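To start, the structure under review is shown below, and the notes come after it.
The values are calculated or read from the model by the stated rules, or taken from the named source; none is laboratory data. In this text, all values refer to a predicted model and were calculated from it rather than measured experimentally. Reconstructed Cβ throughout: ideal geometry from the backbone, glycine too, with neighbour counts over all protein chains shown. Calculation scope for accessible area: heavy atoms of the full protein, side chains included, ligands and nucleic acids excluded. Shrake-Rupley method; radii C 1.70, N 1.55, O 1.52, S 1.80 Å.
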Amino acid sequence: MKYGMIPFFIPHVGCPHVCTFCNQSRITETVGIGHLTPEYIASTIKDYVGDSKNDKFWEVCFYGGSFSAIDQKLQKQLLKPAYEALQSGLIDSIRCSTRPDAVSDEQLELLCSLGMKTIELGVQSMDDTVLSLAKRGHTSDDVKLAVKQLRKFGFTVGLQLLPGLLGDSWETIIQTAVEITALQPDFVRIYPVLVIDHTELAEQYKSGIYEPLSLELALQYCAFLKTWFESHHITVIRTGLQSTEELDTGTSLLAGPYEPAMGELVSNEQWRQRIEYCMNEHTEYFEETIKAVVVKYPRSLTSKVRGLKKRNVEYFENMYKDITFTWRENNDIDTVQCSIDGLVYVV
């Protein structure tokens, strides 16, 4: 069944800290939540669902702030129309995002009583130095305890990561991957850091303290994380921020690896790394120079393997000028095969 999201943004509400990278009003194109009356939420849910209730799995999502940390009266006000829609069968689920240090028994009991089923934690990193530099106000231990809390109450657990924060490196990225995997969340989102105007990170960028990720390094980080999580049976549901007019026009985006097609580029990078890994393993085992590589793939994977605008094709032909590359669509196979000097490897 297709998925239907009904999003409500509550930027900064409930957040006890202002993180160095955060200007959610800019990212979500939303200022304040005065418009989020119970009547508005109820009517918006009905407008989204319309006559297609049976065509999609409908979920109300409260994003942006730290939902479980806001005043309980406001939580009830926001959740009541969604809960009523859930009880009547108009929607199928409710989710929110919050902080790792805002999931006490009292907070979670309230959310349970009002129909919340999925909670996403803004983790960002599992390195305490990186978290401190970003002024997150929580530690990696808080994340571990929070996941245990959510499991105790039966929530579906999602974790959000921000590779590229001040202090991040391959070492901290790998550390984060390993520690997140140990927590076994139900899913993960990966958002490489962007420098948004009117944030402390923007000032750090302007003064030279912070160097944003290049697109290539962001793709390498994201591809590694996505491949790592998927190999440990953890679903990655998104890489890169959702495209918005604010981001697309660059009005508030000062620097960083923003691409509307980031998810596709990360998938391209995954296949590039896999093909190159096969080549390196072949060379190491046979201790001889590669002469020809034939990459075969089903039509469904053509754009992912060859890359957006032939990105991967150009990479290999430019990087390995002494090797003859052939890219061949083959619908008799259901995966990618890499033939290196006649020896076939499943990528």
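Using helices alone, what [θ] at 222 nm do you get for the chain, with -39,500 (n - 2.57) per DSSP H run of 4 or more residues, divided over all residues and rounded to the nearest 500? Display every interim value, and only then the final one.
Details: 13 runs with 144 residues, N = 347.
After summing the helix terms and dividing by residue count, I get -12500 deg cm²/dmol.
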Point to revise | Heavy atoms of CYS112 accessible to a 1.4 Å probe, total area in Å² rounded to 10 | key: 50 Å²
Check your understanding: Which value, in Å² rounded to 10, gives the accessible area of PHE9 with a 1.4 Å probe and all protein chains present?
Key -> 70 Å²
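Given a Förster distance of 25 angstrom, what is the FRET efficiency for LYS304 paired with MET5, based on the Cβ-Cβ distance and rounded to 0.05?
Details: r = 24 Å, r/R0 = 0.96.
After rounding, the FRET efficiency stands at 0.55.
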Point to revise | Positive-pole candidate from MET1, SER43, SER125, dipole of the range 1-147, charges at beta carbon | key: SER43
Review point. Per residue, how much accessible area does the range 2-259 show when a 1.4 Å probe rolls over the protein heavy atoms, in square angstrom?
Key: 43 Å²
Review point. Which pairs break 21 Å Cα to Cα here: LYS80/LYS148; LYS117/LYS144; LYS2/LYS117; LYS2/LYS226; LYS76/LYS117; LYS46/LYS80?
Key: LYS80/LYS148; LYS2/LYS226
Review point. In whole Å, what is the distance between the alpha-carbon centres of the range 279-321 and the range 224-240?
Key: 22 Å
Study note, to complete from the structure: Neighbours of ASP128 by Cβ distance under 15 Å: Lys/Arg at +1, Asp/Glu at -1, summed charge -4
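Using a cut-off of 13 Å between beta-carbons, work out the net charge of the residues near GLN337 (Lys and Arg +1, Asp and Glu -1, GLN337 not included). It would help to have the intermediate numbers written out before the result.
Values: positive: ARG274, LYS296, ARG328; negative: GLU329, ASP332, ASP334.
My count for the surroundings of GLN337 gives 0.
Round to a whole number: what % of the accessible area of the chain belongs to carbon and sulfur, probe 1.4 Å?
On the way: 8220 of 16370 Å².
Ligands and nucleic acids excluded, carbon and sulfur give 50 percent.
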**Study point:** lysines with Cα under 26 Å of LYS291, excluding same-chain neighbours fewer than 8 positions away
**Key:** LYS304, LYS309, LYS310, LYS321
Revision key, fill the gap. In whole Hz, the Karplus estimates of ³J(HN,Hα) for the range 330-347 (6.51, -1.76, 1.60; θ = phi - 60°; x where Gly or Pro) are 8, 7, 8, 10, 10, 9, 9, 10, 10, 9, 10, 6, x, 8, 9, 10, 8, 7
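By accessible area of protein heavy atoms, probe 1.4 Å, what ranking do ILE10, ILE323 get, highest first?
My answer, sorted largest first, is ILE323, ILE10.
Let a ≥ b ≥ c be the square roots of the eigenvalues of the Cα gyration tensor of the range 272-346; is it rounded (a/c under 1.5), or, if not, prolate (a/b larger than b/c) or oblate?
Cα axes put the range 272-346 in the oblate bin.
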